Each structure stands twice: as C-alpha cells, then as structure tokens.
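Student: Before we start, here is the structure in question, set down as structure tokens.
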Amino acid sequence: MTEPVQPKPVLAGSSALEHLPVLLLETLDCLSINKNGTYVDATFGRGGHCRAILAALSGRGRMIALDRDPQAIAVAEKLQIREPRLQVFQARFAELGTVLERCGLTDSIHGVLMDVGVSSPQLDDPNRGFSFRHSGPLDMRMDPTQGVDAAQWLNSADEAVIANIIWRYGEERRSRRIAKAIVAARPLHTTQALAEVVAACVPRGNAKFTKHPATKTFQAVRIFINDELRELQEGVQAAFESLAIGGRLAVISFHSLEDREVKQTFKALSQPPSLPRRLPVQDALVAVRGRLVGGPIRAGQIELDANPRARSATLRVIERVA
C-alpha cells in the first residue's frame, strides 16, 4: 500500500448531499485513505461518505458502492454517470463477497465502510413506513420490491412470535402486552395505527420514557422484516475477508444490538483462536487475523449540534494483518 493522503471531506452543507453523513471525518481518518486504493461503501444511502472517499482518491483510485434500497441506487447511478471511478450494485450486505468476486476484487480491498441501520431519507419519507413520527403505509422494507412488509407480517403472525421479536430485537420489556394489543387491533395498515397501539400499552405520565414509546417496537419489527442482524453478521465477515493486508473495515452502528455484534466479531478476529498449549507462541500470533484500530468512536458535540441523529452512532474499525 502506498502512502496515504489526507482526504478532502465533503462539507455538511454541500448541496450535493441530501443528509448529513455521520462521523464523516472520523471515518475518513480511520480508513487512512490510500489515494490509489480500492474502497467499498456497502451502504451508499445518499452518498455522503462515498463522495468524500472519492474526493480523497486519485484518478487511479476505485470505488464500489452497494445498497439494497432502490432509491439509494438511483442516486448512486446518477453519480456513476459522471464518476468513472465508481461502480454501483444493488445488493445486500450478505452479497458483498459475490459482488466483489464479479469485479475481480478478492483479498485486494483497501477499505470497506458499512453504515448499518435505517438512513435519514428512509426515516423522513412517510411512504417507506419506517417512522412512527409520520403516518404512512406500514412497510419498513429496505427494498420495497422484495419480501413481506411489516403490515402483512403483523397482521398474520402469532401473538407469541410477535412478542418474541419485539423482545429480542427491541429489548422491550412490555413485549407481551404490546403483542397482545397488536393482535387485538388487527388489521393494522399504517405507522400511525401501530404507534397508537404501542403507546396505549405504556402507562401515562411515566417519567422513565424520554423517547417515543413505540421506538423499540418499530426498531424490532424493522430489524426482523429486513433480517438485519444476519445480514450484518455475513456482511462484516465478507467485508473483512475482502481486505488486503493493511486494509481496514469501518462499521457505524446505531443501537446496542448492532454494536454488540460488531464488537464481538471484531474481538474474535483480533484474538488468536483456541489452540493446543504446546503450539509455539509465534504460531499463535500468526493466527491473529485482525488488529483493532482504537476503541469505539462517537460523535463530538459540534456534530451533535448540527446532526442530533448522530447521538447514537458508534464507529468501530479493524485492520487486517494476516
């Protein structure tokens, strides 16, 4: 790998961006951009991080952008028209390895960025059905052309299954009460209807609730509908395997379930596996495949003032060493 250069970050107020990319400067710094390198943005979104990486690359650099959301892909393809260094693929995290094989890029990537979870444009569009703050169809699919939407599942699943999902992916202690209320209120077709059902399950005047009472339930249903944790597991592994020696994987997560998965995976990659006691120390060290780059990174006050949604973001980075 050649000497890295300091990136030219995209300013938050740039008219080219439709939202503020989270932890942008920190991500670019941790990726230690090689100006002639090949990079992957596994969640293009509206392109904030991708544009910033491209700005740091020379004419010999290369960028691969993925997203499962058709709207994000449409934005990426417009950028691709005027940006010959960029290739765009509609794909899930779990398909990252397959995409890179098609590009002839195995074990040769200098850096991968994964920005996990739902994006601001998805939350702000009532027609996508991700947010309880806007009334819209109860959909929640990252790719609206694939799979069962939230309304179909909530209106047909068993009460016990719904309760388990809300508890497992939302860590909501009122999961059984909420699931019972959902079944009693079926059929549900709008985000507003679901939010009202959940809110009715929370005692009024409870000072412990600083967030909307439907936050955890919406999170749980969205994660389940999109199979997000399995996609994250497979995507992180595929991304790490794609790295060249010295390449880095940066993952931005937004809640404890995601961050826990990333933390555990990075820990496993950065520690030697269980080996026979008689194995020489140098052989055990060779078995270590990754090196953690610092600890968890979170947004500073300046970014939080400009973008309150960054408050829950956590960045973790690992470098491939073997």
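Student: Considering region 124-143 alone, what residues qualify as being assigned to a helix (DSSP H, G or I) and surrounded by 16 or more Cβ atoms within 10 Å (Cβ to Cβ)?
Tutor: Going residue by residue through region 124-143, those that are assigned to a helix (DSSP H, G or I) are 124, 126-128.
The answer is Pro126, Arg128.
Student: Right, Val88: of a type in the set (A, V, I, L, M) and under 30 Å from Tyr169 (Cα atoms) or not? Break it down stepwise before answering.
Tutor: Working: of a type in the set (A, V, I, L, M): yes; under 30 Å from Tyr169 (Cα atoms): no.
In short, no.
Every residue, every condition in (1) among the β-branched types (Val, Ile, Thr); (2) outside the structural domain of Arg316 (by TED's automatic domain parsing); (3) closer than 24 Å to Ala157 by Cβ, yes or no:
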residue	(1), (2), (3)
Ala181	no, yes, yes
Pro187	no, yes, yes
Thr191	yes, yes, yes
Val197	yes, yes, yes
His212	no, yes, yes
Thr217	yes, yes, yes
Glu241	no, no, no
Arg248	no, no, no
Arg260	no, no, no
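Student: Ala160 passes all but one of (1) over 29 Å from Ala91 (Cβ atoms); (2) buried (at least 18 other Cβ atoms within 10 Å of the Cβ); which number fails?
Tutor: In the conditions (1) over 29 Å from Ala91 (Cβ atoms); (2) buried (at least 18 other Cβ atoms within 10 Å of the Cβ), Ala160 misses (2) alone.
Student: Residue check, Gln146 against (1) crowded, with 17+ Cβ neighbours inside 10 Å; (2) assigned to a loop (DSSP other than H, G, I, E, B), all met but one. Which one?
Tutor: Going through the list (1) crowded, with 17+ Cβ neighbours inside 10 Å; (2) assigned to a loop (DSSP other than H, G, I, E, B), Gln146 breaks only (1).
Student: Now for a different question. Could you figure out which of (1) part of a helix (DSSP H, G or I); (2) surrounded by 16 or more Cβ atoms within 10 Å (Cβ to Cβ) isn't true of Pro213?
Tutor: Unmet condition: (1).
Student: Right, next: In region 233-250, is there at least one residue being modelled with pLDDT of 95 or more, among the aromatic types (Phe, Trp, Tyr) and under 18 Å from Gly97 (Cβ atoms)?
Tutor: For region 233-250, residues modelled with pLDDT of 95 or more, among the aromatic types (Phe, Trp, Tyr) and under 18 Å from Gly97 (Cβ atoms): present.
Student: Which residues, taken from region 97-122, are in contact with a helix residue (DSSP H, G or I) (Cβ under 6 Å, 6 or more places away or on another chain), buried (at least 19 other Cβ atoms within 10 Å of the Cβ) and more than 24 Å from Ser312 (Cβ to Cβ)?
Tutor: Within region 97-122, Leu100, Ile109 meet the criteria.
Student: Restricting attention to region 35-65, which residues are assigned to a loop (DSSP other than H, G, I, E, B) and touching a Cys at 6+ places or on another chain (Cβ under 9 Å)?
Tutor: Across region 35-65, the qualifying residue is only Phe44.
Student: What tally of residues in region 129-162 results from selecting those that are polar (S, T, N, Q), within 22 Å of Asp67 (Cβ to Cβ) and over 19 Å from the mean Cα position of the chain (by Cα)?
Tutor: Result for region 129-162: 1.
Student: Here's a follow-up. Among the candidates Ala179, Ala160, Ala184, Ala193, single out the residue that is part of a helix (DSSP H, G or I), under 18 Å from Pro126 (Cβ atoms) and at pLDDT 95 or above.
Tutor: On the way: Ala179 fails: under 18 Å from Pro126 (Cβ atoms); Ala160 fails: under 18 Å from Pro126 (Cβ atoms); Ala184 fails: under 18 Å from Pro126 (Cβ atoms).
Ala193 is the lone residue from the list that is part of a helix (DSSP H, G or I), under 18 Å from Pro126 (Cβ atoms) and at pLDDT 95 or above.
Student: Conditions: (1) in contact with a Leu (Cβ under 9 Å, 6 or more places away or on another chain); (2) assigned to a helix (DSSP H, G or I). Ala74 meets all but one. Number of the miss?
Tutor: Going through the list (1) in contact with a Leu (Cβ under 9 Å, 6 or more places away or on another chain); (2) assigned to a helix (DSSP H, G or I), Ala74 breaks only (1).
Student: Can you tell me which of Ala151, Ala199, Ala184 is touching a helix residue (DSSP H, G or I) at 6+ places or on another chain (Cβ under 9 Å) and surrounded by 15 or more Cβ atoms within 10 Å (Cβ to Cβ)?
Tutor: Details: Ala199 fails: touching a helix residue (DSSP H, G or I) at 6+ places or on another chain (Cβ under 9 Å); Ala184 fails: surrounded by 15 or more Cβ atoms within 10 Å (Cβ to Cβ).
The match here is Ala151.
The values are calculated or read from the model by the stated rules, or taken from the named source; none is laboratory data. In this text, all values refer to a predicted model and were calculated from it rather than measured experimentally. As a convention, Cβ positions derive from the backbone with ideal geometry for all residues, glycine included, and neighbour counts pool all protein chains shown.
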